[in-house]
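Undergrad: Dropping the structure in here first, questions after.
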Amino acid sequence: QVQFVESGGGLVQPGGSLRLSCKTSGMKFKNIVMGWYRAAPGNHREAVATIDRNGEPLYIDAVKSRFTITRDDVKEMVYLQMNNVKSEDASHYYCNSAPARRNDWGQGTQVTVSS
């Protein structure tokens, strides 16, 4: 059974930093492209960052140069370092494979941005 367990969200001031973590299980992690997603209008989730099997990242323009996605294939974990957080980054964040496994979303972790 594939599982994603996200953690690390919380309250952050504009300009502050957070590090999100995601523990995965039930799949051949090292062979899978992983991604971080966040809730978006229209009850869907947008991918904000992905990382391939070689550690090569991709970001949407809105987070480029501020967010960093990394992975640890031994621990089967993926991380999202969020720096210079902006109010528009406030959302519920999820990890999943990329493309996402539609039936295997975790609970996610909430990021709240407020001064």
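The values are calculated or read from the model by the stated rules, or taken from the named source; none is laboratory data. Quick caveat: nothing in here was measured; it's all calculated off a predicted structure. Every residue, glycine as well, gets a Cβ built from its backbone with ideal geometry; the counts of neighbours run over all protein chains shown. Note: accessible area is taken over every heavy atom of the protein model, side chains too, but ligands, DNA and RNA are not part of it. Shrake-Rupley method; radii C 1.70, N 1.55, O 1.52, S 1.80 Å.
Undergrad: If I filter region 17-44 down to residues being at pLDDT 95 or above and open to solvent by 60 Å² or more (accessible area, probe 1.4 Å), which single residue comes out as nearest to Lys75 (Cα to Cα)?
TA: Lys23
Undergrad: Does Arg71 satisfy the criteria of being modelled with pLDDT of 95 or more, touching a strand residue (DSSP E or B) at 6+ places or on another chain (Cβ under 6 Å) and either closer than 16 Å to Pro99 by Cα or in a strand (DSSP E or B) (or both)?
TA: Values: modelled with pLDDT of 95 or more: yes; touching a strand residue (DSSP E or B) at 6+ places or on another chain (Cβ under 6 Å): yes; either closer than 16 Å to Pro99 by Cα or in a strand (DSSP E or B) (or both): yes.
Yes: the conditions hold for Arg71.
Undergrad: State which residue is nearest to Asn83 (Cα to Cα) when the search covers only region 2-47 and only residues that are among the polar types (S, T, N, Q) and without any contact (Cβ under 8 Å) to a residue 40 or more places away in the chain. It would help to see each step written out before you state the result.
TA: Of all residues in region 2-47, those among the polar types (S, T, N, Q) come to 3, 7, 13, 17, 21, 24-25, 31, 43.
Within this subset, residues satisfying the condition of being without any contact (Cβ under 8 Å) to a residue 40 or more places away in the chain are 31, 43.
Details: Asn31: 28, Asn43: 26 Å.
Looking at the filtered set, the residue picked out is Asn43.
Undergrad: Quick one: in region 86-111, which of the residues that are aliphatic (A, V, I, L, M) and in a loop (DSSP other than H, G, I, E, B) is farthest from Glu56 (Cα to Cα)?
TA: We begin by selecting, within region 86-111, every residue aliphatic (A, V, I, L, M); these are 90, 98, 100, 111.
Retained after the next criterion (residues that are in a loop (DSSP other than H, G, I, E, B)): 90, 98, 100.
Details: Ala90: 25, Ala98: 13, Ala100: 18 Å.
For region 86-111, the residue satisfying everything is Ala90.
Undergrad: Ok, one more. Please state which of the following conditions Gly106 fails to meet, knowing it meets all the rest: (1) modelled with pLDDT of 95 or more; (2) loosely packed, with under 13 Cβ neighbours inside 10 Å; (3) small (Gly, Ala, Ser).
TA: (2)
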